[in-house]
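K.L.:
Okay, handing you the structure first.
The numbers here are math on the coordinates, done by the rules we state, and not lab data. Keep in mind the model is a prediction, meaning the values are calculated, not measured. Cβ: placed from backbone, ideal geometry, glycine included. Neighbour counts: every protein chain shown.
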Amino acid sequence: MTSTETRTTGKIGDSPLRPDGTLKVTGEFAYSSDLWHDDMCWGVTLRSPHPHARIHGIDVSAALALPGVHAVLTHADVPGLNRVGLEHLDQPALAEDVVRYQGEPVALVAADHPETARRAAKRIVVDYEELPALTDPRRALDEGVPQVQPGGNLVRELTIRRGDPAPQAPVVVALDFEVGMQDQAFLGPESGLAVPDGEGGLDLYVATQWLHVDQQQVCRVLDLPPDRARLHLAGVGGAFGGREDLSIHVHACLLALHTGKPVKMSYARDESFFGHVHRHPAWLRYEFGASEEGRLAYAKADILFDGGAYASSTTAVVGNGGTLGLGPYNIPSVTVDARGVYTNNPPCGAMRGFGCVQAAFAHEALMDELADRVGVDRVEIRALNGMRDGDLNITGQLIDSAAPVAELIRTVRDLPLPASPEGERDIRDLPGGASNTTHGEGVVRGIGYAVTYKNVGFSEGFDDYSTARVRLELTGGEPVATVHTAAAEVGQGLITVEQQICRTELGVDRVVVHPKNTFVGSGGSTSASRQTYVTGGAVKAACEAVRAAVLRLASARLGVGGLRLDGDKIVSASGEVLASLADVLGAEAVEETVEWHHRPTEEIDPETGQGNAHVQYAFSAHRAVVDVDVELGLVKVVALDTAQDVGKAINPDAVVGQIQGGSAQGMGLALMEEIVVTDGKVRNPSFTDYLIPTILDMPPMQVKVLEYADPHAPYGVRGVGEPPTISSGPAVAAAIRAATGKALRRVPVRPEHITL
Amino acid sequence: MRIELTVNGERHEADDVWEGESLLYALRERLGLPGSKNACEQGECGSCTVYMDGVPVCSCLVAAGQAQGRDVTTVEGLAGDDGLDPVQQAFVECGAVQCGFCTPGFLVSTHDLLARNPRPSDPEIREALAGNLCRCTGYEKILDAVRTAAHS
């Protein structure tokens, strides 16, 4: 990524334009799949066709014999530890004696043309012995089923026990819910370029969410120290969790070191569906006990996540699903059992909403059920039970900043509704659209509500920090700040936020965002809605250190104490302008690097699940309005409106963009997005068969942003990116239930669920 | 094989093109024009949309050989000497760009829509852009950008 600079002014609370916007509309922005190097060759991956098989041998001779092929590699060519994994080192970089899912990488080819490499890969002969596959996660812990990993099929089991162990209540409602496997479906394919340095090391340019953890993983497999494997962020075409695990990283590096040539890898879309983890499918059994008035007395939840063949971030997803899986409600007595298991299905890991998305479908469906049972309005039952500042959540953690559940749900209720359909309608506004399946007959409107919450940042005791280096110097007589972090810009606009913070803290107009790489300390992961909070906090702290150094310089030069920076002027304690920032800096450059940590969290108690597990909570509510053709089972979402507390909107336009985009992904899971896996095999690895919402599917979205500052967070910010993906889907599902009267205990909702 | 074509007003040629290569591959990997994007390479996402003889096409579905002698305009050819095209400007200013991977295709499709229909209604915009997938924005700010470009 080229360094980006803009003269667009804009401090926090403004909405300056993205510094990379012009490059992105002219086609000049260098994404990871755009990279090119003299003399480079192309790498491809041979993957397992079987969900579970033993490998008796791999014969690469025919592949190597193909003209144009430079290398064919297997696990035998891995110089270091042949293991990768975000939380458990359980996955070979290249398969050894067993493959555990369809799509597992087995061998690599480098050739001078991608088609040559693909043809060579087809000539690799792998001697597989198919093994019985475990494909039903509900049987994973039974006796006698195939063992996916040497340590058994349980990744994590989490229990929460709070309050009365045998609670009773006059009103009891229960349900079972099932959530299908969603894909991140970022548009930029997994790709990158590895360039050997001729001295046994290399530079890897790659699209990712966390450069430093990638570097650790690459170095472990390559057996290189960090200074020999330098990572650089290439342009990222979306991420949404799907770039937390490695994709081409180790493979491109292995090929580059082996051939001595730069190696480019770029997955086609079908390979992308096998090349990253997905959102865990989940099976949820919930029970609420409440008073006759609808006040919750207890809740029980049993949640099962299918982790697939390798753990990825299943441990943390179970953590979220368990600790947050009953929603933003006050519940005196709680029993939660959450499990993640290994199967021979595709590995599942991080996706936007991370364990909360699945649970929200269940607790929100059950909250509607409770409302109807006790005769309370569906909005008001949420207001009645919703958390407030000062409450304790189900792990006993104090909610010590705003928790405006009642305000959020009432706010979406009070937003204007779309006009009721009357007379002749444009068929493009109806279910089925231009397919001309109805002119309004059989179409029923429904309205649904949901409210949810999500942790911000990494939890359960993880030291979740970020590092920022800020340099201030004169360029062309004008003060210019350069901000260097390793925090990944994936499209969300972090680089804009970094510039805004520097302008706010240092009084400069010009801020250069240094290319992101591992030459500065870790920025942590671009996930968990955490970068504006954590890297924003680090940039703010580094700016404060620079400002203090500049004022020390000014004091020494001017012989006066008690100075402060006001815009680009140095002023005395009484407010008199004594010098300009430029005068004080002169030929000096002031540079400070700060590692910034947020409030520590704790591991939860292994038996009771109690503890201060999370840093911060973010709340959102949605109202969906749908038209359903109840004869054909087709759904048109007419409106998808939301309210969210963001603490402080650093860049209000970008906040709205995050909320709208996140809402679309949640709606997609409710209506259409599912990786269909049968007998361990993916049936729809393409955008022909895996559908994401188009501009025709999306309705207008009203967004109401609340700003209740979190006193513990920099500028009062609250993470923004994930909550909309959690509350939008359950609202859509509720609206379809309202229109059809069907229970709809599975998402995505298919036409046959409505009509049969 | 050898191909010759005009891209963004300039004559280009490429040698040793394999018959199976797409126009998209030729633009990106042989002609140094990676602006058109490779999100699906199966004609579903629209990120590779270019004009060929004035008609928007998915360049991933056009064989490079089919572009022989044709006139192609890519996202790199939308801006003029006096700066960004109004469609490009509107996408930047309205926040219609997040990751931006879909943006080149949306720009060409929008440019074509406004050439045919300078004042499209919202349903007309949605229909015209239904072949372009975006995963970041939820499309609201893309609609804003198209409306803005139509009025600039």
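K.L.:
If you take every residue apart from A:ALA76 with its C-beta less than 13 Å away from the C-beta of A:ALA76, what net charge results, scoring Lys and Arg +1 and Asp and Glu -1? All intermediate terms of the calculation are to be shown ahead of the outcome.
P.N.:
Details: positive: none; negative: A:ASP59, A:ASP77, A:GLU96, A:ASP97.
Cβ neighbours under 13 Å give a net charge of -4.
K.L.:
Calculate how many DSSP beta bridges within region A:176-306 are antiparallel, expressed in % of all such bridges and rounded to the nearest 5. Mind showing how you got there, number by number?
P.N.:
Numbers: 22 of 27 bridges.
The answer is about 80 percent antiparallel.
K.L.:
Still on this structure, please answer the following. Within 10 Å of each Cβ in peptide B:13-20, how many partner chain Cβ atoms are there on average? Round it to a whole number, please.
P.N.:
The per-residue average across the peptide is 1.
K.L.:
Would you mind putting A:706-715, A:456-465 in packing order, based on average other-beta-carbon counts within 10 Å, highest first? List each step's numbers first, then the result.
P.N.:
Values: A:706-715: 18.2, A:456-465: 19.7.
Order by mean packing, descending: A:456-465, A:706-715.
K.L.:
Can you compute the FRET efficiency between A:HIS712 and A:ARG373 using 1/(1 + (r/R0)^6), with r the Cβ-Cβ distance and R0 = 41 Å? Round to the nearest 0.05.
P.N.:
Values: r = 38 Å, r/R0 = 0.93.
So the FRET efficiency works out to roughly 0.60.
K.L.:
Nearest 5 is fine: what % of DSSP beta bridges in region B:3-77 come out antiparallel, could you say? Can you show the working numbers first?
P.N.:
Values: 12 of 14 bridges.
Counting only bridges with both partners in region B:3-77, antiparallel ones make up about 85 percent.
K.L.:
Which of rounded, prolate or oblate describes the protein assembly as shown when judged by the alpha-carbon gyration tensor and an a/c cut-off of 1.5? Spell out each step's value before the answer.
P.N.:
Details: a/c = 1.24, a/b = 1.08, b/c = 1.15.
Cα axes put the protein assembly as shown in the rounded bin.
K.L.:
Same structure, new question: Just from its helices, what would the mean residue ellipticity at 222 nm be for chain A, if runs of 4 or more DSSP H residues each count -39500 (n - 2.57) and the sum is divided by every residue, rounded to the nearest 500 deg cm²/dmol?
P.N.:
So the calculated ellipticity at 222 nm is -7500 deg cm²/dmol.
K.L.:
Quick one: helix B:140-150 against the long Cα principal axis of chain B, what's the angle to the nearest 10°, folded into 0 to 90?
P.N.:
It is inclined by approximately 80 degrees.
K.L.:
Further question: Past the 32 Å Cα-Cα mark, which pairs from A:LYS454/A:LYS742; A:LYS300/A:LYS540; A:LYS11/A:LYS264; A:LYS648/B:LYS37; A:LYS569/A:LYS704; B:LYS37/B:LYS141? Please report the intermediate quantities before stating the final value.
P.N.:
Numbers: A:LYS454/A:LYS742 28 Å; A:LYS300/A:LYS540 42 Å; A:LYS11/A:LYS264 39 Å; A:LYS648/B:LYS37 35 Å; A:LYS569/A:LYS704 37 Å; B:LYS37/B:LYS141 20 Å.
The pairs that break the limit, which is 32 Å between Cα atoms, are A:LYS300/A:LYS540; A:LYS11/A:LYS264; A:LYS648/B:LYS37; A:LYS569/A:LYS704.
K.L.:
Label A:LEU64 and A:HIS597 with points 7 Å out from Cα along Cα→Cβ: what is the distance between them in nm?
P.N.:
The two pseudo-label positions are separated by 5.0 nm.
K.L.:
Angle between the Cα long axis of helix B:103-116 and the longest principal axis of chain B, 0 to 90 degrees, nearest 10?
P.N.:
70 degrees
K.L.:
Suppose we keep just the DSSP beta bridges with both residues in region A:297-391; what percent of those would be antiparallel, to 5?
P.N.:
On the way: 1 of 11 bridges.
In region A:297-391, approximately 10 percent of DSSP beta bridges are antiparallel ones.
K.L.:
DSSP H helices in chain A with Cα extent of 20 Å or more along the helix axis and mean Kyte-Doolittle hydropathy at least 0.5? Don't skip to the end; give the middle numbers.
P.N.:
Working: long enough: A:356-374 (26 Å, 0.37); A:531-558 (38 Å, 0.59); A:652-671 (29 Å, 0.47); A:723-740 (27 Å, 0.63).
Both cut-offs are met by A:531-558, A:723-740.
K.L.:
Here is a further query. Place the peptides A:342-355, A:235-248, A:209-222 in order of packing, highest mean first, counting for every residue the other Cβ atoms within 10 Å and averaging per peptide. The partial results should precede the final answer.
P.N.:
Working: A:342-355: 28.9, A:235-248: 27.1, A:209-222: 22.1.
Per-residue mean Cβ counts within 10 Å order the peptides as A:342-355, A:235-248, A:209-222.
K.L.:
Can you pull the one-decimal nm distance between simple spin-label points at A:VAL145 and A:LEU175, each 7 Å off the Cα toward Cβ?
P.N.:
Reported label-point gap for A:VAL145 and A:LEU175 is 2.5 nm.
K.L.:
Ranking request for peptides B:1-8, A:288-295: highest mean number of other beta-carbon atoms within 10 Å first, then the rest in descending order. Don't jump to the answer; show the numbers that get you there.
P.N.:
On the way: B:1-8: 16.8, A:288-295: 19.1.
Taking the mean over residues of other Cβ atoms within 10 Å, the ranking is A:288-295, B:1-8.
K.L.:
Another question about this same structure. Per-residue Cβ counts within 10 Å, from other chains only, averaged over B:30-36: what number is that? Numbers along the way, then the final one.
P.N.:
Numbers: counts 0, 0, 1, 2, 9, 8, 1.
Counting other chains' Cβ atoms within 10 Å and averaging over B:30-36 gives 3.
K.L.:
Most exposed first by the Cβ proxy, i.e. fewest other Cβ within 10 Å, how do B:SER59, A:SER266, B:SER121 rank?
P.N.:
Numbers: B:SER59 30, A:SER266 27, B:SER121 12.
Result, fewest neighbours first: B:SER121, A:SER266, B:SER59.
K.L.:
Could you work out, residue by residue across A:27-33, how many beta carbons of other chains sit within 10 Å of that residue's beta carbon, and then give the average as an integer? Can you show the working numbers first?
P.N.:
On the way: counts 16, 4, 8, 1, 7, 0, 6.
Across A:27-33, the average partner-chain Cβ count within 10 Å equals 6.
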